[in-house]
Number of protein chains: 2
Amino acid sequence: MRPLFHPSVDDVTVEAILHALSDPVRVAIFSDIAGSNCSQNCSNFLNVSDKAIPKSTLSQHFKALREAGLIRSERQGVEMQNVSRCAEIQERFPGLIAAIVRAHNIQLQSKPRAAKAPKRKRKASK
Amino acid sequence: MRPLFHPSVDDVTVEAILHALSDPVRVAIFSDIAGSNCSQNCSNFLNVSDKAIPKSTLSQHFKALREAGLIRSERQGVEMQNVSRCAEIQERFPGLIAAIVRAHNIQLQSKPRAAKAPKRKRKASK
DNA sequence: TCATTAGTTCGGAATAAATGAACTATTGAA
DNA sequence: TTCAATAGTTCATTTATTCCGAACTAATGA
């Protein structure tokens, strides 16, 4: 199997980071990984934000985080260990990750139930 | 014409903000609006990041910024004036917007030419 | 070797974004 | 008032992304 791609920190873009963390599942996963000092495997997140997530979808979410430069994934035996790359990103974009994680926590506290983005209110005419 | 929708600051989500600013055109527009103290109309941005943007697309970008709670748009005569809602968001998510704008500026300085995702195989000159 | 576990990749359906064309609102001039 | 110009929005169609079940790969242990 080809090795997983990890961008150099110099190739990491703000856009990619924001896009990766603009998904409620991914920001929850990343926030968890970044907040723990030990590495986390994927299967720990088969249930995030109170709903089951298919493992193929989970895998894509991890890929998005990885290719945005937010995490580093390394196979360790039969499972994958994921650690955050906060320290590197902090050097390139000081305060960015911390501010996002902090804002995410504030939101969790203010709205314990609804963490989703505002959906379209209008019904499609077709 | 139905009035433009602006979410209450309490309904603003981190996800929506990050999603809105994960697009290179939108973050450029927002950064410009947030950095200037006078309001800006849409047409000022028909050329952003060295490429022409169709006005229908621009309109959608402004809508995205507006519905994420990042800007407030008000018609003034024949044109639309846009101001940032940084102050409100700062109260809800302290430091978030500032960190993103700062990171965006850092990226502009480090890569004055390529602001897009790293698709092409270009030698990284570090 | 085979079974199990953990994750990736593939392919098609569902969803979202980009944009030319048509439309709406406001202003100013005739 | 009527017409033209300007500034944006909305619609409809094309294009790109995302989701997720099924099939696949890699490591481990019996």
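What to note about this one:
- Residue count, region B:27-45 (criterion: within 14 Å of DNA strand D (Cβ to nearest atom) and surrounded by 12 or more Cβ atoms within 10 Å (Cβ to Cβ)): 9
- Summed over region A:87-105, the residues that are over 18 Å from A:E15 (Cβ atoms) and either in contact with a strand residue (DSSP E or B) (Cβ under 9 Å, 6 or more places away or on another chain) or among the small types (G, A, S) (or both) give a count of 2.
- Residues that are touching a residue at least 12 places away in the same chain (Cβ under 8 Å) and over 11 Å from the mean Cα position of the chain (by Cα), drawn from region B:59-68: B:S59, B:E67
- The set of residues from region A:54-67 being over 12 Å from A:P24 (Cα atoms) and either more than 14 Å from chain B (Cβ to nearest Cβ) or near DNA strand C (Cβ under 9 Å from one of its atoms) (or both) comprises A:P54, A:K55, A:S56, A:T57, A:L58, A:S59, A:Q60, A:F62, A:K63, A:R66.
- Residue count for region B:23-53, restricted to those that are within 14 Å of another protein chain (Cβ to nearest Cβ) and closer than 27 Å to A:P24 by Cα: 9
- Candidate set from region B:72-94 (those that are surrounded by fewer than 18 Cβ atoms within 10 Å (Cβ to Cβ) and of a type in the set (V, I, T)); member that is nearest to DNA strand C (Cβ to nearest atom): B:V78
- Within region B:33-63, the set of residues being farther than 17 Å from B:V83 by Cα and charged (D, E, K, R) comprises B:D50, B:K51, B:K55.
- Selection of region B:6-22 for residues being surrounded by 17 or more Cβ atoms within 10 Å (Cβ to Cβ) and at the interface with chain A (Cβ under 7 Å from one of its Cβ atoms) yields B:T13, B:V14, B:E15, B:A16, B:L18, B:H19, B:L21, B:S22.
- Among residues of region B:103-126 being more than 7 Å from chain A (Cβ to nearest Cβ) and not in a loop (DSSP other than H, G, I, E, B), the one that is modelled with the lowest pLDDT is B:S110.
- Complete set of residues in region A:29-54 that are of a type in the set (A, V, I, L, M, F, W, C) and in contact (Cβ under 8 Å) with a residue 24 or more places away in the chain: A:I29, A:F30, A:I33, A:A34, A:C42, A:I53
The values are calculated or read from the model by the stated rules, or taken from the named source; none is laboratory data. Not measured: the values here are computed from a predicted model. All Cβ positions, glycine included, derive from the backbone under ideal geometry; neighbour counts span all protein chains shown.
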